[in-house]
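Report on the following structure.
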Amino acid sequence: MTTQKENSSDLMAKITAQFGHNASYVLTLLSEFETDPSSLTGEWRTYFQSLSPSTPSTNGHSQTTPISTVASVTNKPAVEVKVEGQPIPMRGSVRKLVDNMENSLSVPTATSQRQIPLKVLEENRRLINEHLASQHMGKISFTHIIAWALVKALKKYPRLNDAFSLIDGQPHRVQRPDVNLGLAVDVAKPDGSRTLLVPNIKKSNQMDFAEFFAAYNKAVNGARTGSLPVTGYQDTSITLTNPGTIGTTASNARLMAGQGVIVATGSIDYPPHYQGMAEEALSQLGISKVCTLASTYDHRIVQGAESGSLLAEIHHLLIGESDFYE
């Protein structure tokens, strides 16, 4: 007989497998669904109704396992450390975030880094934004362009869009036909705390830049407003994260199971030894702002040379090679 605990474990596993980085967010929505189903959109209600585990009750009718039970059946940490102070239990979505962090340790990763000059990118971004402003079409960011360069680079190195999977106990490389590009978005929660969501752009490799620009903005805005459907968070194949917005120069991002690579962008600035110089002097010397890109990859299916080649291709595109800005 299947127990309530087993059903709860299955539910947690399904949510983690389908949503990856977004599992804690989905658990929060599941908790809201239990409390007040009408608070969610119809698509989310349908999803949770199809996913929620049921167990036989004493009167023969089924009953749904509450989220409190789901949150309590996760694995215990491998090491327990006693420290002085007031302990505050981490439950629900916060507990799931802890589990995701610990589960990511099962993925053997390595990281490649490459510093990229951004003078050409800056100038082309300025020209593009002048055109967009004249058409009242919004504004393009550095990350829009870097994300597009990543999508284009994957056409040359499609193996980095693959995933590792165990099938019947045997290791497999899973080749994906399309690039579902995940975009890490920092989101403020109602209580003032912050969380990281990763919506994705489905089949970004089949888009032109205008389509990509619109899809990018829709994904990010939808994550921030909570208006994205279930599918907006599912089936991410590769992720771009941008810790550089808070001044981080380089980062080894956490890779979730089911993805082969996550690319992190560092801050955009002049090299440290030039940061005190006047803009006029920097211009005369031809000094460019730089950004460090880091590719953290699943070492079971990606080798260092492949990761480095992906970053090199992004570099070449961002400095204008292969008619990237045409």
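Derivation of every value follows stated rules applied to the coordinates shown; laboratory data play no part. No experiment lies behind these values; they were computed from the predicted model shown. All Cβ positions, glycine included, derive from the backbone under ideal geometry; neighbour counts span all protein chains shown.
Each part reduced to its alpha carbon centroid, the stretch 248-308 and the stretch 139-206 end up 17 Å apart. Measuring nothing but how far apart in sequence close Cα pairs (under 8 Å, 6+ apart) lie, relative to its length, the chain scores a relative contact order of 21 percent. Residues within the reach of a label modelled at Thr231 (point 7 angstrom out along Cα to beta-carbon, backbone nitrogen below 17 Å), restricted to the stretch 146-189, are 177-182. Coupling constants for the stretch 129-146 follow from the phi torsions by the Karplus curve (6.51 cos²θ - 1.76 cosθ + 1.60, θ = phi - 60°), and in residue order they are 5, 4, 5, 4, 5, 5, 9, 6, 10, x, 9, 9, 9, 4, 5, 3, 6, 5 Hz; glycine and proline get x. Looking at the stretch 114-176, none of the chymotrypsin sites (Phe, Trp or Tyr not before Pro) sits in a DSSP loop with at most 16 other Cβ atoms within 10 Å of its own Cβ.
Taking K and R as +1 and D and E as -1, what net charge do the other residues with C-beta under 13 Å from the C-beta of Ser322 add up to? In short, -1. If you plug the beta carbon distance of Asp168 and Leu51 into 1/(1 + (r/R0)^6) with R0 = 22 Å, you get a FRET efficiency near 0.35. What is the antiparallel percent of DSSP beta bridges lying wholly in the chain, to the nearest 5? Counting DSSP beta bridges with both partners in the chain, the antiparallel share is about 85 percent.
Assuming charge only on the beta carbon of Lys and Arg (+1) and of Asp and Glu (-1), the dipole of the chain about its Cα centre is about 340 debye to the nearest 20. Go ahead and run the numbers for FRET between Lys218 and Ser134, Cβ-Cβ distance against an R0 of 30 Å, rounding to 0.05. For R0 = 30 Å, the calculated efficiency reads 0.85. To the nearest ten degrees, helix 209-225 and the longest principal axis of the Cα atoms of the chain are 40 degrees apart. Other residues with beta-carbon under 15 Å from the beta-carbon of Pro37 carry, at +1 per Lys or Arg and -1 per Asp or Glu, a net charge of -3.
Would you mind calculating the gained length between Glu321 and Tyr270 on full extension (0.36 nm times residue separation, minus the Cα-Cα distance), in nm to one decimal? The Glu321-Tyr270 span can extend by a further 16.1 nm. Compared with the dominant Cα axis of the chain, that is its longest principal axis, helix 23-35 is turned about 40°. Compared with the direct C-alpha span, the chain from Ser193 to Arg176 gains 2.6 nm at full extension, assuming 0.36 nm per residue.
Computed from the C-beta positions of Ser39 and Ala257 and an R0 of 30 Å, the FRET efficiency is 0.45 to the nearest 0.05. Cβ crowding within 10 Å ranks Met101, Met207 as Met101, Met207, fewest other Cβ atoms first.
What's the Cα-based Rg to Rh of the stretch 152-237, Rh via Kirkwood?
1.05
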